[in-house]
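Below is one structure, written out as structure tokens; the observations come after it.
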Amino acid sequence: MTKRGIIEELLARRPNLASRDSEALVNATFEAMAGVLARGERIEIRGFGSFGVKARGARQGRNPRTGAVVAVPAKAVAFFRGAKELRSAVGAIATADSD
């Protein structure tokens, strides 16, 4: 699902909400989440999961085209860990699809 899909789903669930307002709401939510993660803080949405930031150390990598060794600098990366309820729901869907 894309951001546009989220906006359309919000409009389908809340028909009294204007299209422009739902788009602004989704954009504001994502901007707020990005700001929190940029500060290195954690976001927890009960029943859905948590977003956080992990530090990755510097390492040696390889250029796949030339095979030359390249220094990869240390950086911070965002990660998501699904809540138990979300994992159970996704697992139930996956097992139903395989039957």
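The values are calculated or read from the model by the stated rules, or taken from the named source; none is laboratory data. The shown structure was predicted, so the numbers you read here are calculated from the model rather than taken from an experiment. Cβ coordinates were reconstructed from backbone atoms using ideal geometry, including for glycine residues, and neighbour counts include every protein chain displayed.
Scanning the stretch 1-17 for residues that are surrounded by fewer than 11 Cβ atoms within 10 Å (Cβ to Cβ), over 21 Å from Ala78 (Cα atoms) and of a type outside the set (Lys, Arg) turns up Gly5, Ala12, Pro15, Asn16.
Scan the stretch 41-57 residue by residue and report those that are over 16 Å from Arg81 (Cβ atoms) and surrounded by 11 or more Cβ atoms within 10 Å (Cβ to Cβ). Selection gives Arg56 alone.
Which of the residues that make up the stretch 1-23 are assigned to a loop (DSSP other than H, G, I, E, B) and under 15 Å from the mean Cα position of the chain (by Cα)? The answer is Met1, Thr2.
Does Val77 fit the bill of being of a type in the set (Val, Ile, Thr) and within 13 Å of the chain's Cα centre (by Cα)? Explain how you work it out, then say what you get.
Values: of a type in the set (Val, Ile, Thr): yes; within 13 Å of the chain's Cα centre (by Cα): yes.
Against the criterion (of a type in the set (Val, Ile, Thr) and within 13 Å of the chain's Cα centre (by Cα)), Val77 qualifies.
For the condition at pLDDT below 95, closer than 30 Å to Ala32 by Cα and not aliphatic (A, V, I, L, M), what is the one hit in Arg81, Arg87? On inspection, the qualifying residue turns out to be Arg87. Taking each residue of the stretch 43-70 that is closer than 30 Å to Ser88 by Cα and looking for partners that are assigned to a loop (DSSP other than H, G, I, E, B) and among the small types (Gly, Ala, Ser) with beta-carbon atoms closer than 6 Å, six or more apart or interchain, yields Gly47/Ala83; Phe48/Ala83; Gly49/Ala83; Val53/Gly40. Count of the stretch 18-33 residues, restricted to those that are among the aliphatic types (A, V, I, L, M) and either surrounded by 13 or more Cβ atoms within 10 Å (Cβ to Cβ) or in contact with a His (Cβ under 8 Å, 6 or more places away or on another chain) (or both), is 3. On the basis of being assigned to a strand (DSSP E or B), closer than 23 Å to Lys3 by Cβ, in contact with a helix residue (DSSP H, G or I) (Cβ under 8 Å, 6 or more places away or on another chain) and not hydroxyl-bearing (Ser, Thr, Tyr), does Val26 make the cut? Judged against the criteria, Val26 is not a match. Annotation: of all residues in the stretch 67-78 being part of a loop (DSSP other than H, G, I, E, B) and at pLDDT 95 or above, the one that is farthest from Met33 (Cα to Cα) is Ala68.
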